[in-house]
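Here is the structure we will look at.
The values are calculated or read from the model by the stated rules, or taken from the named source; none is laboratory data. Quick caveat, the model's predicted, so the values are computed rather than measured. Ideal geometry is used to build each Cβ from the backbone, glycine not excepted, and the neighbour counts take in all protein chains shown.
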């Protein structure tokens, strides 16, 4: 529970900092924010879009996205966003490089010029440092296993809550983003943001081990 609270607070800090940056540089004074969540029960006929003032939340089904990306895009009627919060969605679009490229192209299309996309990625250096071969890190109901295997140059394989997941490597992710005019602005180390800004949220040792395996990427559309 505390880990979820920590993640929510991290996202609020990032959004606040991005808005400050965009205002300071006179890039925009009006902000539209898009949160992306995942639901495998969603179809285009019953897609869940929630609009609350300047914040829109959409749930995407990764199983039909690759063939329905244009239809998802049309849901916004041409509206664009200054900030797109991808949260943990990237891990659902790693079936192939083409799948990831389709998802990043969708985000770039709905993002204003100078807009910012951010989300969580596994820090593979951190993973290699913390995991011994065939070891497990767990906290509550959440469990991650890593056997040290790379699938290829682009992905590694993790077992998250008993489900095999391909995780894209940072350099390959950045290359894909660059293809769609999204360029890395910053990487936020979660251990540091907890220490410097959110240490009032008390994470136990297992929550820290699990939660700090991720970092925040921040991409800006040029």
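Before moving on, here are some points about what is shown:
- Unmet requirement for residue 20, which otherwise passes all of (1) at pLDDT 85 or above; (2) part of a helix (DSSP H, G or I); (3) buried (at least 16 other Cβ atoms within 10 Å of the Cβ): (3)
- Filtering segment 10-20 to residues that are more than 15 Å from the chain's Cα centre (by Cα) and either more than 29 Å from residue 222 (Cβ to Cβ) or free of Cβ contacts under 8 Å to residues at least 40 places away in the same chain (or both) leaves 16, 17, 20.
- Enumeration of residues in segment 54-85 that are surrounded by 14 or more Cβ atoms within 10 Å (Cβ to Cβ), closer than 23 Å to residue 8 by Cα and out of contact with any helix residue (DSSP H, G or I) (no Cβ under 7 Å at 6 or more places or on another chain): 55, 56, 57, 58, 59, 61
- Total residues in segment 124-155, condition in a strand (DSSP E or B) and modelled with pLDDT of 70 or more: 11
- Residues satisfying the stated conditions in segment 65-96, i.e. more than 29 Å from residue 164 (Cα to Cα) and either part of a loop (DSSP other than H, G, I, E, B) or free of Cβ contacts under 8 Å to residues at least 12 places away in the same chain (or both): 74, 75, 76, 77, 78, 79, 80
- Count of segment 188-213 residues, restricted to those that are in contact with a helix residue (DSSP H, G or I) (Cβ under 6 Å, 6 or more places away or on another chain) and in a strand (DSSP E or B), is 0.
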